[in-house]
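Below is one structure; the comments refer to it alone.
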Amino acid sequence: MTSQQQIITIAILALMTVLTRALPFLIFPAGKPTPKYIQYLGKALPLAVFGMLVVYCLKDVKWLEGMHGIPEIAGIVAVVLTHLLRRQLFLSMAVGTALYMVLIRVMV
Amino acid sequence: MNNSQASFKNSLKVAFKRSLPVLTGYWFLGITYGVLAESMGFSYWYPLSMALFIYSGSAEFLGLGMLAAGFNPLAAASMALVVGARHLFYGISMLDRYRGMGWRKPFLIFGLTDETFAVNYNARESTPTEMLMVSLLDYSYWITGGFMGYMFGSLLKFDIHGLEFVVTAMFTAIFMDQFLKEKEHRPAWIGIGCTAVALFLFGSQYFVIPAMVGILLMLTAFRKKLEPSYMGEVQK
(Lines give C-alpha, C1' and ligand atoms only; values in the text may rest on other atoms or scores of the structure.)
Protein backbone atom coordinates (compact mmCIF):
# COMPACT_ATOMS: atom_id res chain seq x y z
CA MET A 1 0.00 0.00 0.00
CA THR A 2 1.27 3.49 -0.76
CA SER A 3 1.21 5.99 2.10
CA GLN A 4 -1.60 7.81 0.30
CA GLN A 5 -3.67 4.63 0.29
CA GLN A 6 -2.89 4.14 3.97
CA ILE A 7 -4.13 7.63 4.76
CA ILE A 8 -7.32 6.95 2.79
CA THR A 9 -7.84 3.67 4.69
CA ILE A 10 -7.49 5.43 8.05
CA ALA A 11 -9.82 8.21 6.89
CA ILE A 12 -12.47 5.68 5.83
CA LEU A 13 -12.26 3.85 9.15
CA ALA A 14 -12.50 7.15 11.04
CA LEU A 15 -15.44 8.38 8.98
CA MET A 16 -17.45 5.18 9.24
CA THR A 17 -16.81 4.88 12.97
CA VAL A 18 -17.94 8.42 13.73
CA LEU A 19 -20.94 7.84 11.46
CA THR A 20 -22.10 4.92 13.62
CA ARG A 21 -21.76 7.15 16.68
CA ALA A 22 -23.46 10.22 15.21
CA LEU A 23 -26.27 8.66 13.17
CA PRO A 24 -28.94 8.55 15.90
CA PHE A 25 -28.23 12.19 16.78
CA LEU A 26 -28.42 13.20 13.11
CA ILE A 27 -31.67 11.36 12.45
CA PHE A 28 -33.32 12.55 15.67
CA PRO A 29 -32.02 16.08 16.26
CA ALA A 30 -32.57 17.70 19.65
CA GLY A 31 -34.77 20.42 18.17
CA LYS A 32 -37.47 18.09 16.91
CA PRO A 33 -39.65 15.81 19.01
CA THR A 34 -38.26 12.26 18.99
CA PRO A 35 -40.77 9.60 17.83
CA LYS A 36 -42.44 7.71 20.68
CA TYR A 37 -40.98 4.42 19.51
CA ILE A 38 -37.42 5.78 19.64
CA GLN A 39 -38.08 7.30 23.07
CA TYR A 40 -39.22 3.89 24.23
CA LEU A 41 -36.09 2.27 22.79
CA GLY A 42 -33.99 4.90 24.54
CA LYS A 43 -35.45 3.70 27.84
CA ALA A 44 -35.53 -0.04 27.25
CA LEU A 45 -32.29 -0.46 25.29
CA PRO A 46 -29.65 0.47 27.89
CA LEU A 47 -30.22 -2.48 30.17
CA ALA A 48 -30.31 -4.80 27.15
CA VAL A 49 -27.12 -3.17 25.84
CA PHE A 50 -25.26 -3.67 29.13
CA GLY A 51 -26.33 -7.30 29.06
CA MET A 52 -25.06 -7.48 25.49
CA LEU A 53 -21.72 -5.92 26.48
CA VAL A 54 -21.15 -8.45 29.25
CA VAL A 55 -21.75 -11.34 26.85
CA TYR A 56 -19.68 -9.52 24.21
CA CYS A 57 -16.68 -9.61 26.57
CA LEU A 58 -16.97 -13.41 26.64
CA LYS A 59 -16.86 -13.80 22.88
CA ASP A 60 -13.32 -15.18 22.74
CA VAL A 61 -13.64 -17.57 25.69
CA LYS A 62 -12.90 -21.19 24.75
CA TRP A 63 -15.55 -23.15 26.61
CA LEU A 64 -14.45 -26.60 25.54
CA GLU A 65 -10.72 -26.36 26.16
CA GLY A 66 -8.20 -24.89 28.57
CA MET A 67 -9.89 -23.41 31.62
CA HIS A 68 -13.40 -23.73 30.11
CA GLY A 69 -14.22 -20.12 30.88
CA ILE A 70 -14.21 -20.79 34.61
CA PRO A 71 -12.08 -17.70 35.48
CA GLU A 72 -14.37 -15.46 33.42
CA ILE A 73 -17.59 -16.84 34.89
CA ALA A 74 -16.18 -16.79 38.42
CA GLY A 75 -15.03 -13.19 37.94
CA ILE A 76 -18.46 -12.13 36.70
CA VAL A 77 -20.25 -13.95 39.51
CA ALA A 78 -17.92 -12.26 42.00
CA VAL A 79 -18.79 -8.84 40.56
CA VAL A 80 -22.52 -9.61 40.72
CA LEU A 81 -22.40 -10.88 44.30
CA THR A 82 -20.18 -8.07 45.56
CA HIS A 83 -22.46 -5.57 43.91
CA LEU A 84 -25.56 -7.11 45.44
CA LEU A 85 -23.92 -6.87 48.86
CA ARG A 86 -22.26 -3.47 48.73
CA ARG A 87 -23.36 -1.62 45.57
CA GLN A 88 -19.99 0.06 45.17
CA LEU A 89 -18.81 0.01 41.55
CA PHE A 90 -15.09 0.06 42.29
CA LEU A 91 -15.22 -2.58 44.96
CA SER A 92 -17.19 -4.93 42.69
CA MET A 93 -14.78 -4.39 39.81
CA ALA A 94 -11.71 -4.87 42.00
CA VAL A 95 -12.98 -8.09 43.56
CA GLY A 96 -13.94 -9.58 40.18
CA THR A 97 -10.70 -8.59 38.46
CA ALA A 98 -8.54 -9.80 41.35
CA LEU A 99 -10.30 -13.17 41.44
CA TYR A 100 -9.88 -13.51 37.68
CA MET A 101 -6.17 -12.70 37.84
CA VAL A 102 -5.63 -15.21 40.63
CA LEU A 103 -7.58 -17.96 38.88
CA ILE A 104 -5.77 -17.70 35.55
CA ARG A 105 -2.48 -18.10 37.42
CA VAL A 106 -3.57 -20.89 39.74
CA MET A 107 -5.44 -22.95 37.15
CA VAL A 108 -2.64 -23.20 34.59
CA MET B 1 -9.76 30.91 43.71
CA ASN B 2 -13.10 32.05 42.31
CA ASN B 3 -16.25 30.01 42.10
CA SER B 4 -15.99 28.80 38.54
CA GLN B 5 -12.44 27.60 39.09
CA ALA B 6 -13.54 25.74 42.19
CA SER B 7 -16.41 24.04 40.40
CA PHE B 8 -14.11 23.19 37.48
CA LYS B 9 -11.69 21.50 39.84
CA ASN B 10 -14.51 19.70 41.56
CA SER B 11 -15.96 18.44 38.26
CA LEU B 12 -12.53 17.24 37.22
CA LYS B 13 -12.17 15.34 40.47
CA VAL B 14 -15.58 13.70 40.08
CA ALA B 15 -14.94 12.87 36.44
CA PHE B 16 -11.50 11.45 37.16
CA LYS B 17 -12.83 9.18 39.85
CA ARG B 18 -15.61 7.97 37.58
CA SER B 19 -13.18 7.31 34.75
CA LEU B 20 -10.64 5.32 36.78
CA PRO B 21 -11.74 1.87 35.59
CA VAL B 22 -11.52 3.16 32.04
CA LEU B 23 -8.00 4.39 32.77
CA THR B 24 -7.00 0.87 33.77
CA GLY B 25 -8.77 -0.75 30.84
CA TYR B 26 -7.58 1.72 28.21
CA TRP B 27 -3.99 1.70 29.34
CA PHE B 28 -3.99 -2.05 29.23
CA LEU B 29 -5.65 -2.26 25.80
CA GLY B 30 -3.80 0.80 24.52
CA ILE B 31 -0.45 -0.67 25.50
CA THR B 32 -1.37 -3.93 23.77
CA TYR B 33 -2.32 -1.92 20.68
CA GLY B 34 0.92 0.07 20.74
CA VAL B 35 3.03 -3.05 21.23
CA LEU B 36 1.30 -4.74 18.31
CA ALA B 37 1.71 -1.71 16.03
CA GLU B 38 5.39 -1.52 16.88
CA SER B 39 5.94 -5.22 16.34
CA MET B 40 4.28 -4.97 12.90
CA GLY B 41 6.87 -2.37 11.95
CA PHE B 42 4.59 0.67 11.58
CA SER B 43 6.01 4.13 12.12
CA TYR B 44 4.45 5.80 15.15
CA TRP B 45 2.26 8.05 13.01
CA TYR B 46 -0.02 5.19 12.03
CA PRO B 47 -1.13 3.97 15.45
CA LEU B 48 -1.24 7.57 16.69
CA SER B 49 -3.43 8.92 13.89
CA MET B 50 -5.76 5.93 14.23
CA ALA B 51 -6.03 6.52 17.98
CA LEU B 52 -6.69 10.22 17.39
CA PHE B 53 -9.18 9.99 14.53
CA ILE B 54 -10.84 6.59 14.78
CA TYR B 55 -10.79 6.21 18.58
CA SER B 56 -12.31 2.74 18.62
CA GLY B 57 -10.21 -0.15 19.84
CA SER B 58 -11.87 -2.82 17.74
CA ALA B 59 -11.67 -0.76 14.52
CA GLU B 60 -8.04 0.14 15.20
CA PHE B 61 -6.89 -3.42 15.77
CA LEU B 62 -8.60 -4.32 12.48
CA GLY B 63 -7.02 -1.23 10.95
CA LEU B 64 -3.51 -2.43 11.71
CA GLY B 65 -4.26 -5.61 9.80
CA MET B 66 -5.78 -3.66 6.89
CA LEU B 67 -2.83 -1.31 6.61
CA ALA B 68 -0.51 -4.29 6.39
CA ALA B 69 -2.64 -5.90 3.66
CA GLY B 70 -3.63 -4.69 0.17
CA PHE B 71 -5.66 -1.52 -0.44
CA ASN B 72 -9.36 -2.28 -0.19
CA PRO B 73 -11.45 0.77 0.71
CA LEU B 74 -14.77 -1.01 0.36
CA ALA B 75 -13.77 -3.75 2.79
CA ALA B 76 -12.46 -1.10 5.19
CA ALA B 77 -15.75 0.79 5.07
CA SER B 78 -17.95 -2.24 5.57
CA MET B 79 -15.75 -3.64 8.34
CA ALA B 80 -15.87 -0.34 10.20
CA LEU B 81 -19.66 -0.24 9.87
CA VAL B 82 -20.08 -3.81 11.10
CA VAL B 83 -17.70 -3.37 14.03
CA GLY B 84 -19.19 0.03 14.89
CA ALA B 85 -22.87 -0.93 14.57
CA ARG B 86 -23.27 -1.31 18.33
CA HIS B 87 -22.62 2.44 18.67
CA LEU B 88 -26.08 3.00 17.17
CA PHE B 89 -27.60 1.63 20.37
CA TYR B 90 -25.46 3.94 22.51
CA GLY B 91 -26.58 6.92 20.47
CA ILE B 92 -30.26 6.01 20.83
CA SER B 93 -29.78 5.52 24.57
CA MET B 94 -27.96 8.84 24.89
CA LEU B 95 -30.35 10.98 22.77
CA ASP B 96 -31.96 12.28 25.93
CA ARG B 97 -28.84 12.52 28.12
CA TYR B 98 -26.84 14.44 25.53
CA ARG B 99 -29.66 16.86 24.74
CA GLY B 100 -28.81 20.45 25.56
CA MET B 101 -25.07 19.83 25.67
CA GLY B 102 -24.46 22.72 23.27
CA TRP B 103 -20.85 23.09 22.12
CA ARG B 104 -19.85 19.97 24.01
CA LYS B 105 -22.07 17.71 21.95
CA PRO B 106 -19.83 17.07 18.91
CA PHE B 107 -17.01 15.78 21.09
CA LEU B 108 -19.36 13.77 23.31
CA ILE B 109 -20.68 12.04 20.19
CA PHE B 110 -17.22 11.50 18.71
CA GLY B 111 -16.09 9.99 22.00
CA LEU B 112 -19.04 7.63 22.48
CA THR B 113 -17.00 4.46 23.02
CA ASP B 114 -18.32 1.38 24.85
CA GLU B 115 -16.66 2.46 28.07
CA THR B 116 -17.50 6.17 27.91
CA PHE B 117 -21.12 5.34 27.10
CA ALA B 118 -21.24 3.00 30.08
CA VAL B 119 -19.76 5.51 32.52
CA ASN B 120 -21.73 8.52 31.31
CA TYR B 121 -24.98 6.62 31.07
CA ASN B 122 -24.63 5.18 34.54
CA ALA B 123 -23.99 8.56 36.19
CA ARG B 124 -27.55 9.85 36.21
CA GLU B 125 -26.83 12.94 38.25
CA SER B 126 -23.85 13.91 36.07
CA THR B 127 -23.45 17.55 34.95
CA PRO B 128 -22.63 18.44 31.31
CA THR B 129 -19.10 19.45 32.33
CA GLU B 130 -18.51 16.15 34.14
CA MET B 131 -19.70 14.15 31.12
CA LEU B 132 -17.41 16.12 28.83
CA MET B 133 -14.49 15.62 31.19
CA VAL B 134 -15.08 11.88 31.43
CA SER B 135 -15.10 11.79 27.61
CA LEU B 136 -11.90 13.85 27.35
CA LEU B 137 -10.11 11.86 30.05
CA ASP B 138 -11.03 8.54 28.43
CA TYR B 139 -9.75 9.85 25.10
CA SER B 140 -6.45 10.88 26.69
CA TYR B 141 -6.07 7.46 28.36
CA TRP B 142 -6.49 5.73 25.04
CA ILE B 143 -3.91 7.91 23.31
CA THR B 144 -1.34 7.76 26.12
CA GLY B 145 -1.82 3.99 26.44
CA GLY B 146 -1.00 3.48 22.78
CA PHE B 147 2.01 5.77 23.11
CA MET B 148 3.38 3.87 26.10
CA GLY B 149 2.87 0.55 24.37
CA TYR B 150 4.60 1.70 21.23
CA MET B 151 7.54 3.36 22.97
CA PHE B 152 8.15 1.20 26.01
CA GLY B 153 6.19 -1.98 25.35
CA SER B 154 9.30 -4.11 25.08
CA LEU B 155 10.52 -2.85 28.48
CA LEU B 156 7.38 -3.82 30.40
CA LYS B 157 8.31 -6.34 33.02
CA PHE B 158 5.27 -6.40 35.31
CA ASP B 159 3.05 -9.39 35.07
CA ILE B 160 -0.22 -7.58 34.40
CA HIS B 161 -1.65 -10.47 32.43
CA GLY B 162 -5.39 -10.65 33.10
CA LEU B 163 -5.82 -7.02 34.06
CA GLU B 164 -7.86 -6.56 30.90
CA PHE B 165 -10.67 -8.30 32.74
CA VAL B 166 -11.32 -4.95 34.42
CA VAL B 167 -13.34 -3.99 31.32
CA THR B 168 -15.60 -7.04 31.68
CA ALA B 169 -15.86 -6.34 35.40
CA MET B 170 -16.82 -2.73 34.71
CA PHE B 171 -19.59 -3.66 32.27
CA THR B 172 -20.86 -6.28 34.71
CA ALA B 173 -20.83 -3.86 37.64
CA ILE B 174 -22.61 -1.18 35.62
CA PHE B 175 -25.08 -3.77 34.38
CA MET B 176 -25.82 -4.67 38.00
CA ASP B 177 -26.07 -1.01 38.97
CA GLN B 178 -28.64 -0.38 36.23
CA PHE B 179 -30.42 -3.64 36.96
CA LEU B 180 -30.90 -2.64 40.60
CA LYS B 181 -32.00 0.90 39.69
CA GLU B 182 -34.62 -0.17 37.14
CA LYS B 183 -37.99 -1.62 37.99
CA GLU B 184 -38.29 -3.31 34.60
CA HIS B 185 -35.77 -6.15 34.32
CA ARG B 186 -36.94 -7.93 31.18
CA PRO B 187 -34.73 -5.95 28.75
CA ALA B 188 -31.70 -7.30 30.64
CA TRP B 189 -32.70 -10.88 29.95
CA ILE B 190 -33.49 -9.98 26.33
CA GLY B 191 -30.02 -8.46 25.92
CA ILE B 192 -28.17 -11.35 27.49
CA GLY B 193 -30.32 -14.00 25.81
CA CYS B 194 -30.20 -12.59 22.28
CA THR B 195 -26.44 -11.99 22.44
CA ALA B 196 -25.67 -15.43 23.85
CA VAL B 197 -27.84 -17.16 21.23
CA ALA B 198 -26.33 -15.07 18.42
CA LEU B 199 -22.80 -15.82 19.63
CA PHE B 200 -23.59 -19.53 19.69
CA LEU B 201 -25.23 -19.51 16.24
CA PHE B 202 -23.01 -17.09 14.31
CA GLY B 203 -19.64 -17.30 16.05
CA SER B 204 -17.49 -14.61 17.57
CA GLN B 205 -16.87 -12.69 14.33
CA TYR B 206 -20.40 -12.16 13.10
CA PHE B 207 -22.71 -12.24 16.11
CA VAL B 208 -23.06 -8.57 17.03
CA ILE B 209 -25.45 -7.49 14.28
CA PRO B 210 -27.71 -10.56 14.59
CA ALA B 211 -27.75 -9.95 18.36
CA MET B 212 -28.74 -6.32 17.82
CA VAL B 213 -31.48 -7.30 15.40
CA GLY B 214 -32.76 -9.86 17.89
CA ILE B 215 -32.81 -7.30 20.70
CA LEU B 216 -34.67 -4.79 18.53
CA LEU B 217 -37.23 -7.37 17.44
CA MET B 218 -37.86 -8.56 20.99
CA LEU B 219 -38.12 -5.05 22.43
CA THR B 220 -40.51 -4.13 19.61
CA ALA B 221 -42.60 -7.28 20.07
CA PHE B 222 -42.91 -6.68 23.82
CA ARG B 223 -43.38 -2.92 23.58
CA LYS B 224 -46.97 -3.02 24.84
CA LYS B 225 -45.87 -4.93 27.93
CA LEU B 226 -42.66 -3.04 28.61
CA GLU B 227 -43.51 0.55 27.77
CA PRO B 228 -45.84 1.23 30.73
CA SER B 229 -42.88 0.61 33.09
CA TYR B 230 -41.13 3.66 31.70
CA MET B 231 -44.07 6.05 31.70
CA GLY B 232 -43.39 7.35 35.19
CA GLU B 233 -39.91 8.62 34.43
CA VAL B 234 -40.64 10.33 31.12
CA GLN B 235 -41.72 13.66 32.59
CA LYS B 236 -38.87 15.80 33.78
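The set of residues from the stretch A:67-87 being without any contact (Cβ under 8 Å) to a residue 24 or more places away in the chain, more than 9 Å from chain B (Cβ to nearest Cβ) and not in a helix (DSSP H, G or I) comprises A:H68, A:G69.
Select from the stretch B:207-222 the residues that are within 9 Å of chain A (Cβ to nearest Cβ) and surrounded by fewer than 20 Cβ atoms within 10 Å (Cβ to Cβ) and write down the one among them that is nearest to A:A78 (Cα to Cα). Break it down stepwise before answering.
Step one: of the stretch B:207-222, the residues within 9 Å of chain A (Cβ to nearest Cβ) are B:207-208, B:211-212, B:215-216, B:218-220, B:222.
Right, trim to surrounded by fewer than 20 Cβ atoms within 10 Å (Cβ to Cβ) and you get B:216, B:220, B:222.
Values: B:L216: 30, B:T220: 33, B:F222: 31 Å.
Among those that are within 9 Å of chain A (Cβ to nearest Cβ) and surrounded by fewer than 20 Cβ atoms within 10 Å (Cβ to Cβ), it is B:L216.
Specify which of the listed residues (A:A48, A:A14) is surrounded by 14 or more Cβ atoms within 10 Å (Cβ to Cβ), at pLDDT 95 or above and touching a Phe, Trp or Tyr at 6+ places or on another chain (Cβ under 6 Å). Reasoning before the result, please.
On the way: A:A48 fails: touching a Phe, Trp or Tyr at 6+ places or on another chain (Cβ under 6 Å).
Among A:A48, A:A14, only A:A14 is surrounded by 14 or more Cβ atoms within 10 Å (Cβ to Cβ), at pLDDT 95 or above and touching a Phe, Trp or Tyr at 6+ places or on another chain (Cβ under 6 Å).
Restricted to the stretch B:145-236, the set of helices (runs of 4 or more DSSP H) holding at least 2 residues that are touching a residue at least 40 places away in the same chain (Cβ under 8 Å) comprises B:165-181, B:208-221. In this structure, B:E125 qualifies as away from chain A (no Cβ under 11 Å) and part of a loop (DSSP other than H, G, I, E, B).
When you go through B:L64, B:L48 one by one, which is the residue that is among the aliphatic types (A, V, I, L, M), farther than 28 Å from A:T97 by Cα and either without any contact (Cβ under 8 Å) to a residue 40 or more places away in the chain or in contact with a Cys (Cβ under 8 Å, 6 or more places away or on another chain) (or both)? Give the derivation first.
Values: B:L48 fails: either without any contact (Cβ under 8 Å) to a residue 40 or more places away in the chain or in contact with a Cys (Cβ under 8 Å, 6 or more places away or on another chain) (or both).
Unique residue meeting the criteria: B:L64.
Listed here are the helices (runs of 4 or more DSSP H) enclosed by the stretch B:1-120 that have at least 2 residues being in contact with a Ser or Thr (Cβ under 8 Å, 6 or more places away or on another chain), within 30 Å of A:F90 (Cα to Cα) and at the interface with chain A (Cβ under 9 Å from one of its Cβ atoms): B:73-84, B:87-94. Only a single criterion out of (1) more than 7 Å from chain A (Cβ to nearest Cβ); (2) surrounded by fewer than 17 Cβ atoms within 10 Å (Cβ to Cβ) is not satisfied by B:S204, namely (1).
Here is a yes/no grid of residues against (1) touching a helix residue (DSSP H, G or I) at 6+ places or on another chain (Cβ under 8 Å); (2) assigned to a helix (DSSP H, G or I):
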{"position": "A:A11", "(1), (2)": "yes, yes"}
{"position": "A:V18", "(1), (2)": "yes, yes"}
{"position": "A:L23", "(1), (2)": "yes, yes"}
{"position": "A:G31", "(1), (2)": "no, no"}
{"position": "A:T34", "(1), (2)": "yes, no"}
{"position": "A:Y37", "(1), (2)": "yes, yes"}
{"position": "A:Y40", "(1), (2)": "yes, yes"}
{"position": "A:A44", "(1), (2)": "yes, yes"}
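The values are calculated or read from the model by the stated rules, or taken from the named source; none is laboratory data. Note that the structure is a prediction, hence the values are computed from the model and not measured. Reconstructed Cβ throughout: ideal geometry from the backbone, glycine too, with neighbour counts over all protein chains shown.
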